[in-house]
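Take a look at the structure below.
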Ligand SMILES: Cc1cc2nc3c(=O)[nH]c(=O)nc-3n(C[C@H](O)[C@H](O)[C@H](O)COP(=O)(O)OP(=O)(O)OC[C@H]3O[C@@H](n4cnc5c(N)ncnc54)[C@H](O)[C@@H]3O)c2cc1C
């Protein structure tokens, strides 16, 4: 079968890998000059299998109201008269119930544990050097109310195979000695020992090269997709600025732009860009080695070799990639408060990009109303974590194989239900 993959971010490259390794002819179309140069580029680096709770949860509602228009808040809304943003927002609010948040958490947990297994299967076959750390992720809390809620949530997740342990402040510092110098109070943490971290860009680009060398996968870089063309039953061709592409099957993996192009062929999926930021700098001896999540500021830390990456925040501002200094400053300040002696200004690189976010949280995979079009998109805050499992599931669906996990909450049918 000839498969055309649209987009060479982490999700497109992983789908390409699984399809090519099973003998399919795969071509990948990407507007950038290499793979992984958009949302995958400088993400938080966390393989946070245990962090399955969606942004849409009852706890976030009162905070959203407080945060929404404050520049230094973890979540900011830059209001624009955009009906898609308004509709997306209403769907997000509708998902902020205990029932929906529990459903999404269970669906994502099942998926993320599977994705971990799949990542390790890939690594057993393909030599990839991406600063992979298996040292776990420590979630830090500055007040007992949030910590108690997290302990309860960890108990809930335990029944689904997710192992997390409570750590008091002394135990946190023992695990990550750089916290000894913390410049603000922390009451304790939840440690997810099963979690990992690594450089998503290095992983994606090396895997893309491996696909070309080992399976002859063709990556058409610098090729801008202009329109998808269909006849109401199938995709007939993909038009680009470098000509027309045709295949037996097509995989949509264009990140935040997926929904824009899907609408051209009559498929309306609520994926909206949720902008995030990161900073990276050369780490000194006062920087952490263990991956951390600062739950107050909703930012994550990952050690990638000799550099430290800190990422997070959510901003709804449409398809706007600009790096806004007002959104970088709160990240820098949060780092300076937690690690006052960290070398934040040493060769700091700032970055922003758009997460392809669904209102419920989990991505959308698999079949569509067009027989030869498959989705691998909407991974939001968890594309690195879920990408491996997602690539394998989509390949299975295209080959009509029974997926290795149940797909409840992960397919387009969830939106048909409303
Ligand atoms: C600040 C931040 C921190 C994050 N931290 C984490 C983390 O710690 N852990 C985690 O699991 N996830 C994290 N994520 C989420 C993760 O990075 C994303 O979910 C993931 O990168 C999405 O991958 P993708 O392949 O869907 O999108 P992308 O990487 O954006 O890939 C889509 C590709 O499609 C291409 N494309 C788009 N339009 C066209 C066109 N017209 N023609 C041709 N090509 C086109 C783009 O160029 C792009 O390369 C973070 C995201 C952000 C922004």
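The values are calculated or read from the model by the stated rules, or taken from the named source; none is laboratory data. If you're wondering where the values come from, they're calculated on a predicted model, not measured in any experiment. Glycine also receives a Cβ, built like all others from the backbone with ideal geometry; neighbour counts cover every protein chain displayed.
Could you say whether any residue in region 119-131 is under 27 Å from residue 278 (Cα atoms) and in contact with a strand residue (DSSP E or B) (Cβ under 6 Å, 6 or more places away or on another chain)?
Checked region 119-131: at least one residue is under 27 Å from residue 278 (Cα atoms) and in contact with a strand residue (DSSP E or B) (Cβ under 6 Å, 6 or more places away or on another chain).
Is it the case that residue 313 is surrounded by 23 or more Cβ atoms within 10 Å (Cβ to Cβ), closer than 27 Å to residue 185 by Cβ, near the ligand (Cβ under 10 Å from one of its atoms) and modelled with pLDDT under 95? Full working, then the answer.
Working: surrounded by 23 or more Cβ atoms within 10 Å (Cβ to Cβ): yes; closer than 27 Å to residue 185 by Cβ: yes; near the ligand (Cβ under 10 Å from one of its atoms): yes; modelled with pLDDT under 95: yes.
Yes, satisfied.
Hey, among the residues in region 25-55 that are more than 6 Å from the ligand (Cβ to nearest atom) and outside any loop (DSSP other than H, G, I, E, B), which one's farthest from the chain's Cα centre (by Cα)?
Ranking the candidates gives 25 first.
Looking at (1) at pLDDT 95 or above; (2) buried (at least 16 other Cβ atoms within 10 Å of the Cβ); (3) under 23 Å from the mean Cα position of the chain (by Cα), which is the one condition that is false for residue 121?
Tallying (1) at pLDDT 95 or above; (2) buried (at least 16 other Cβ atoms within 10 Å of the Cβ); (3) under 23 Å from the mean Cα position of the chain (by Cα), residue 121 fails exactly one: (2).
Restricting attention to region 194-203, does a residue exist that is within 22 Å of residue 152 (Cα to Cα) and at pLDDT 95 or above?
The initial filter retains those residues of region 194-203 that are within 22 Å of residue 152 (Cα to Cα), namely 194-195.
Narrowing the set further to residues that are at pLDDT 95 or above leaves 194-195.
Yes, region 194-203 has at least one match.
Condition first: farther than 24 Å from residue 91 by Cα and assigned to a loop (DSSP other than H, G, I, E, B). Now tell me which residues in region 358-393 satisfy that.
370, 371, 372
Which strands (runs of 3 or more DSSP E) does region 199-257 wholly contain that include 1 or more residues that are near the ligand (Cβ under 10 Å from one of its atoms) and under 26 Å from residue 384 (Cα atoms)? Reasoning before the result, please.
Numbers: elements: 218-220, 225-230, 235-240, 243-245, 249-252.
Because the criterion is at least 1 residues that are near the ligand (Cβ under 10 Å from one of its atoms) and under 26 Å from residue 384 (Cα atoms), the strands (runs of 3 or more DSSP E) in region 199-257 that meet it are 218-220, 225-230, 249-252.
How many of the residues making up region 40-56 are modelled with pLDDT under 95, in contact with a helix residue (DSSP H, G or I) (Cβ under 6 Å, 6 or more places away or on another chain) and farther than 19 Å from residue 158 by Cα? So that I can check it myself, show each step before the final result.
The first filter runs over region 40-56 and keeps only residues modelled with pLDDT under 95, leaving 51-56.
Retained after the next criterion (residues that are in contact with a helix residue (DSSP H, G or I) (Cβ under 6 Å, 6 or more places away or on another chain)): 52-54, 56.
Next cut, farther than 19 Å from residue 158 by Cα only: 56.
So the count comes out to 1.
Can you report the number of residues in region 322-341 which are crowded, with 21+ Cβ neighbours inside 10 Å and in contact (Cβ under 8 Å) with a residue 60 or more places away in the chain?
3
Being free of Cβ contacts under 8 Å to residues at least 40 places away in the same chain and either part of a helix (DSSP H, G or I) or at negative phi (or both) is the filter here; which residues of region 397-412 pass it? First the steps, then the outcome.
Going through region 397-412, the residues free of Cβ contacts under 8 Å to residues at least 40 places away in the same chain turn out to be 397, 400-403.
397, 401, 402, 403, listed by residue number.
So in region 1-24, with the set limited to residues that are more than 8 Å from the ligand (Cβ to nearest atom) and not in a helix (DSSP H, G or I), which one is nearest to the chain's Cα centre (by Cα)?
Filtering region 1-24 for residues more than 8 Å from the ligand (Cβ to nearest atom) gives 1-5, 14-24.
Retained after the next criterion (residues that are not in a helix (DSSP H, G or I)): 1-5, 22-24.
Working: 1: 29, 2: 28, 3: 24, 4: 22, 5: 19, 22: 26, 23: 28, 24: 27 Å.
So, considering only residues that are more than 8 Å from the ligand (Cβ to nearest atom) and not in a helix (DSSP H, G or I), the one nearest to the chain's Cα centre (by Cα) is 5.
Could you check, for region 185-197, whether at least one of its residues is in contact with a helix residue (DSSP H, G or I) (Cβ under 6 Å, 6 or more places away or on another chain) and surrounded by fewer than 17 Cβ atoms within 10 Å (Cβ to Cβ)?
Yes, that holds for at least one residue.
Restricting the search to region 296-310, which residues are under 14 Å from residue 55 (Cβ atoms) and surrounded by fewer than 20 Cβ atoms within 10 Å (Cβ to Cβ)?
Result: no residue meets the conditions.
Give the residue, chosen from 288, 270, that is buried (at least 20 other Cβ atoms within 10 Å of the Cβ), assigned to a loop (DSSP other than H, G, I, E, B) and in contact with a helix residue (DSSP H, G or I) (Cβ under 9 Å, 6 or more places away or on another chain). Steps first, answer last, please.
Numbers: 270 fails: buried (at least 20 other Cβ atoms within 10 Å of the Cβ).
One residue alone meets the criteria, 288.
Of the residues 388, 363, 403, only one is more than 16 Å from the ligand (Cβ to nearest atom), surrounded by 17 or more Cβ atoms within 10 Å (Cβ to Cβ) and modelled with pLDDT of 95 or more; which? So that I can check it myself, show each step before the final result.
Details: 388 fails: more than 16 Å from the ligand (Cβ to nearest atom); 363 fails: more than 16 Å from the ligand (Cβ to nearest atom).
Just a single option satisfies the conditions, and that option is 403.
Report the residue count in region 162-184 for those that are assigned to a loop (DSSP other than H, G, I, E, B), surrounded by fewer than 19 Cβ atoms within 10 Å (Cβ to Cβ) and either within 16 Å of the ligand (Cβ to nearest atom) or under 26 Å from the mean Cα position of the chain (by Cα) (or both). So that I can check it myself, show each step before the final result.
Taking region 162-184 as the starting set, the residues that turn out to be assigned to a loop (DSSP other than H, G, I, E, B) are 162-164, 176, 182-184.
So of that shortlist, the ones also surrounded by fewer than 19 Cβ atoms within 10 Å (Cβ to Cβ) come out as 163, 182-184.
If we keep only those that are either within 16 Å of the ligand (Cβ to nearest atom) or under 26 Å from the mean Cα position of the chain (by Cα) (or both) as well, we get 163.
Looking only at that region, the number is 1.
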